[in-house]
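So the structure is just underneath, and the comments pick up after that.
The values are calculated or read from the model by the stated rules, or taken from the named source; none is laboratory data. It should be emphasised that the depicted structure is a prediction, and the values quoted were computed from it without experimental measurement. Here the Cβ is made from the backbone with ideal geometry for all residues, glycine too, and neighbour counts use every protein chain on show.
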Amino acid sequence: MPQLRIALAQVNPTVGDLTGNADLVVEWSRRARAQGAHVVAFPELVLVGYPIEDLALRTSFAQASQRSAADLALRLADEGLGDMVVVIGYLDRAEESAPRL
């Protein structure tokens with residue numbers, strides 16, 4: 001029976017540091033792969049940091065988060081990790097609804 005190895009990356013992202021947090025995801029994805037993982041899961045909102053508080057209300061930050069997630073996917077593929085499942089959390093916003101607290 002084939003094995004599925006899952007890694008849980010309990011990292012400490014920095015609030016608002018999209019680039020630094022993406023670097024963290026790439027680094028720990030590499031480490032997970034080196035340990036034989038097929039899937040690596042990161043904490044809630046790893047890409048934007050937690051708690052994001054008022055940043056969640058900024059449309060520009062939500063858009064930057066979405067772009068950063070797409071860029072991260074491309075970067076993981078470029079780094080040879082494109083066949084690995086990498087589960088991240090990022091800030092998104094529904095176009096149809098107003099922000100709620």
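Give the stretch 9-49 a look and list any residue that's hydroxyl-bearing (Ser, Thr, Tyr) and in contact (Cβ under 8 Å) with a residue 40 or more places away in the chain, or say none. Steps first, please.
Here is the first cut: in the stretch 9-49, the ones hydroxyl-bearing (Ser, Thr, Tyr) are 14, 19, 29.
Scanning the stretch 9-49 gives 19, 29.
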- What residue, among those in the stretch 17-44 that are exposed (fewer than 14 other Cβ atoms within 10 Å of the Cβ) and among the small types (Gly, Ala, Ser), is farthest from residue 86 (Cα to Cα)? 20
- Query: If we scan the stretch 47-66, do we find a residue that is in contact with a Phe, Trp or Tyr (Cβ under 6 Å, 6 or more places away or on another chain), buried (at least 19 other Cβ atoms within 10 Å of the Cβ), in a loop (DSSP other than H, G, I, E, B) and of a type in the set (Gly, Ala, Ser)?
  - Reply: no
- Cβ pairs under 7 Å, 6+ apart, first in the stretch 50-73 and closer than 16 Å to residue 13 by Cα, second among the β-branched types (Val, Ile, Thr) and outside any loop (DSSP other than H, G, I, E, B): 72/25
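Here is a check on your reading of the model: is residue 10 surrounded by fewer than 17 Cβ atoms within 10 Å (Cβ to Cβ) and modelled with pLDDT under 95? Full working, then the answer.
Details: surrounded by fewer than 17 Cβ atoms within 10 Å (Cβ to Cβ): yes; modelled with pLDDT under 95: no.
For residue 10, the condition - surrounded by fewer than 17 Cβ atoms within 10 Å (Cβ to Cβ) and modelled with pLDDT under 95 - is not met.
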- Query: Looking at residue 73, is it modelled with pLDDT of 95 or more, surrounded by 11 or more Cβ atoms within 10 Å (Cβ to Cβ) and out of contact with any helix residue (DSSP H, G or I) (no Cβ under 9 Å at 6 or more places or on another chain)?
  - Reply: yes
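Taking the condition assigned to a loop (DSSP other than H, G, I, E, B) and either under 13 Å from residue 9 (Cβ atoms) or among the small types (Gly, Ala, Ser) (or both), does residue 36 pass? Steps first, please.
Working: assigned to a loop (DSSP other than H, G, I, E, B): yes; either under 13 Å from residue 9 (Cβ atoms) or among the small types (Gly, Ala, Ser) (or both): yes.
Judged against the criteria, residue 36 is a match.
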